[in-house]
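One structure is given here, and the rest of the page talks about it.
The values are calculated or read from the model by the stated rules, or taken from the named source; none is laboratory data. The model shown is predicted, which means the values in this text are computed figures rather than measured ones. Every residue, glycine as well, gets a Cβ built from its backbone with ideal geometry; the counts of neighbours run over all protein chains shown.
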Amino acid sequence: MNLEDLQLKKKNIWQEVSKEEHDKIFSYCEDYKNFLDYGKTERLATKFLLAEAKKNGFVPLDEAVKNGLKAGDKIYLNNKDKSLVLMVLGKEDLEKGMNIVGAHIDSPRLDLKANPLYEDSNLALLKTHYYGGIKKYQWTTIPLALHGVIVNSEDEMIEISIGDKEDDPVFYITDLLAHLSADLNKKTMAEGITGESLNLLAGHSSFAIEDKENPIKKAILKKLYDDYKIVEEDFQIAELEAVPAGKARDVGFDRSMIAAHGHDDRVCSYAAFKAIMEIENPEKTAAVLLVDKEEIGSVGNTGMQAKFFENMVAEVSAGLGHHSNLLVRRALANSKCLSADVSPAMDPDYKDTMDPLNSAYLGHGICMSKYVGARGKGGSNDANAEFLREVRKTFRENKVIYQTGELGKIDQGGGGTIAAYVAKYGAEVLDIGTAMLSMHAPIELVSKADAYMTYKAYKAFIK
């Protein structure tokens with residue numbers, strides 16, 4: 001054998017694909033950008049994907065069970081409008097396991113506090129509490145949009161969406177001018193902007209308000225009441241999220257990359273969704289989990305630590321005539337899962353944080369991570385070699401270009417995914433997703449080639 005053939009050869013997607021597949025990359029990413037533009041929050045992402053699923057023949061779990069379940073049925077579970085499970089029933093018995101792709105649809109952002117609105121220095125502001133791991137300084141001096149729900153004084157659930165239409169106003173967080181930053185510049189980047197200083201500018205005019213005390217705040221409250229019948233107390237039971245305003249944009253002379261908010265983890269979520277939309281009559285039941293709260297530990301009743309997926313499997317098992325908790329346990333234990341979450345790509349400006357031999361690179365395909373976690377693999381799932389072998393075989397057979405990568409150099413930091421919460425059932429789980437730059441920044445960056453290859457990988461796995 002030629003010695004050159006013994007060495008690992010990394011493949012660059014752009015140099016491997018045909019003209020036909022090159023065109024598919026760009027077509028797929030136009031659809032993905034449309035999803036990003038609409039699905040700015042977990043609620044909006046769920047709403048968008050659920051509407052598309054219904055168009056593709058998916059029906060709610062309770063309706064499917066009532067009508068009688070059979071192989072080939074497409075069913076969904078909408079979990080409180082903030083997480084979604086999609087399932088296509090296979091020909092094999094459910095207790096033999098499922099092919100699962102699990103991703104998350106929440107992203108780092110700024111949430112409004114329960115009592116957010118106040119006036120100071122002739123300005124009205126909204127107090128926020130950041131969600132997930134962010135660099136706080138990145139959120140200043142950029143246009144922000146506000147999305148979410150609020151229950152008004154008439155007990156109506158009102159959807160709020162301000163800042164993403166061309167003629168919408170936006171919100172803004174100030175930063176100290178460079179001319180007066182002598183003391184500020186002595187602080188570390190982490191100390192320079194505090195969580196309590198991430199306050200949104202929400203207004204300035206007190207026109208037609210005669211009150212001398214907090215006239216701008218009162219002007220804002222009047223407008224909110226006129227537009228939505230909202231009073232200040234209603235903020236206490238609202239879910240309102242500030243995210244970067246604007247659409248996903250192509251990057252580079254060649255338009256080969258996408259800059260947008262929420263690639264982590266909507267690039268994997270959308271790929272998994274598109275994959276299961278194209279699955280018909282699989283041998284083994286296929287499932288896609290699109291879950292909430294991953295960025296804060298997969299907690300709550302919409303996060304992966306909740307029991308909604310397990311309960312759905314129990315409902316499906318019962319609907320198929322198997323009223324046994326043991327069969328549900330077997331179905332979960334015999335399953336195989338791709339934990340679909342992003343990985344960091346090598347950044348030429350920050351090479352000292354990465355191991356060049358064990359880092360993902362843009363354009364080299366979906367990234368398999370045997371383990372994530374922190375320091376000594378703490379909090380990691382650490383996939384089995386036997387399962388890695390199966391996944392590699394599937395990718396080879398389906399011409400999926402893949403690479404391996406880790407979350408930076410040892411002891412530089414770390415992070416987690418939903419993998420451990422699926423693995424607790426006994427399922428085989430592997431962390432695998434799109435490599436990206438500027439992870440957790442307000443605007444993140446992915447390669448169109450990698451986004452498409454992620455979809456191709458997930459489809460190969462679950463079909």
Subject >> Restricting region 53-70 to residues that are aliphatic (A, V, I, L, M) and within 14 Å of Asn311 (Cβ to Cβ), the residue that is surrounded by the most Cβ atoms within 10 Å (Cβ to Cβ) >> reply: Leu61
**OP:** Working only within region 81-127, note down all residues that are of a type in the set (Lys, Arg) and either within 17 Å of the chain's Cα centre (by Cα) or in a strand (DSSP E or B) (or both).
**Re:** Lys82, Arg109, Lys113, Lys127
Subject >> Scan of region 262-282 for residues that are of a type outside the set (A, V, I, L, M) and surrounded by fewer than 24 Cβ atoms within 10 Å (Cβ to Cβ), ordered by number >> reply: Lys274, Glu278, Glu280, Asn281, Pro282
Original post:
Got a sec? Which of Lys293, Lys284, Lys223, Lys217 is modelled with pLDDT of 95 or more, of a type in the set (D, E, K, R), in the same structural domain as Leu332 (by TED's automatic domain parsing) and more than 19 Å from Leu110 (Cβ to Cβ)?
Top reply: Lys284
**OP:** Evaluate region 380-393: report whether one residue or more is surrounded by 18 or more Cβ atoms within 10 Å (Cβ to Cβ) and in a helix (DSSP H, G or I).
**Re:** yes
**OP:** Scan region 363-379 for residues that are buried (at least 21 other Cβ atoms within 10 Å of the Cβ) and either touching a helix residue (DSSP H, G or I) at 6+ places or on another chain (Cβ under 6 Å) or not small (Gly, Ala, Ser) (or both) and jot them down.
**Re:** Gly363, His364, Gly365, Ile366, Cys367, Met368, Val372
Original post:
So which of Leu407, Leu362 is modelled with pLDDT of 95 or more and among the hydrophobic types (A, V, I, L, M, F, W, C)?
Top reply: Leu362
**OP:** Report yes if some residue within region 20-34 is under 30 Å from Val251 (Cβ atoms) and of a type in the set (Gly, Ala, Ser); otherwise report no.
**Re:** yes
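May I ask you to say which residue of Asp31, Asp81, Asp73, Asp23 is without any contact (Cβ under 8 Å) to a residue 24 or more places away in the chain and either surrounded by fewer than 17 Cβ atoms within 10 Å (Cβ to Cβ) or not acidic (Asp, Glu) (or both)? Break it down into steps so the answer makes sense when it comes.
Working: Asp31 fails: without any contact (Cβ under 8 Å) to a residue 24 or more places away in the chain; Asp81 fails: without any contact (Cβ under 8 Å) to a residue 24 or more places away in the chain; Asp73 fails: either surrounded by fewer than 17 Cβ atoms within 10 Å (Cβ to Cβ) or not acidic (Asp, Glu) (or both).
Checking each option against the conditions leaves just Asp23.
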**OP:** Look at Leu49 and say whether it is buried (at least 16 other Cβ atoms within 10 Å of the Cβ), more than 22 Å from Met304 (Cα to Cα), touching a helix residue (DSSP H, G or I) at 6+ places or on another chain (Cβ under 6 Å) and at pLDDT 95 or above.
**Re:** no
**OP:** Would you check if Asp234 is surrounded by fewer than 17 Cβ atoms within 10 Å (Cβ to Cβ) and of a type in the set (D, E, K, R)?
**Re:** no
**OP:** Go through region 332-354 and give me each residue that's in a loop (DSSP other than H, G, I, E, B), under 11 Å from Leu437 (Cβ atoms) and touching a Cys at 6+ places or on another chain (Cβ under 9 Å).
**Re:** Val342
**OP:** Answer with yes or no whether Leu61 is farther than 20 Å from Ser107 by Cβ and in contact with a Leu (Cβ under 9 Å, 6 or more places away or on another chain).
**Re:** yes
Subject >> Test result for Val17, touching a Phe, Trp or Tyr at 6+ places or on another chain (Cβ under 8 Å), at negative phi and either in contact (Cβ under 8 Å) with a residue 40 or more places away in the chain or among the acidic types (Asp, Glu) (or both) >> reply: no
Original post:
Which residue, of Ala103, Ala182, is touching a Cys at 6+ places or on another chain (Cβ under 6 Å) and either more than 22 Å from Lys80 (Cβ to Cβ) or crowded, with 17+ Cβ neighbours inside 10 Å (or both)?
Top reply: Ala103
Original post:
Looking at (1) surrounded by fewer than 16 Cβ atoms within 10 Å (Cβ to Cβ); (2) within 30 Å of Lys80 (Cα to Cα), which is the one condition that is false for Thr285?
Top reply: (1)
Subject >> Answer from Gly303, Gly408, Gly321 - the residue that is among the small types (Gly, Ala, Ser), over 21 Å from Ala272 (Cα atoms) and either in contact (Cβ under 8 Å) with a residue 12 or more places away in the chain or touching a Ser or Thr at 6+ places or on another chain (Cβ under 6 Å) (or both) >> reply: Gly408
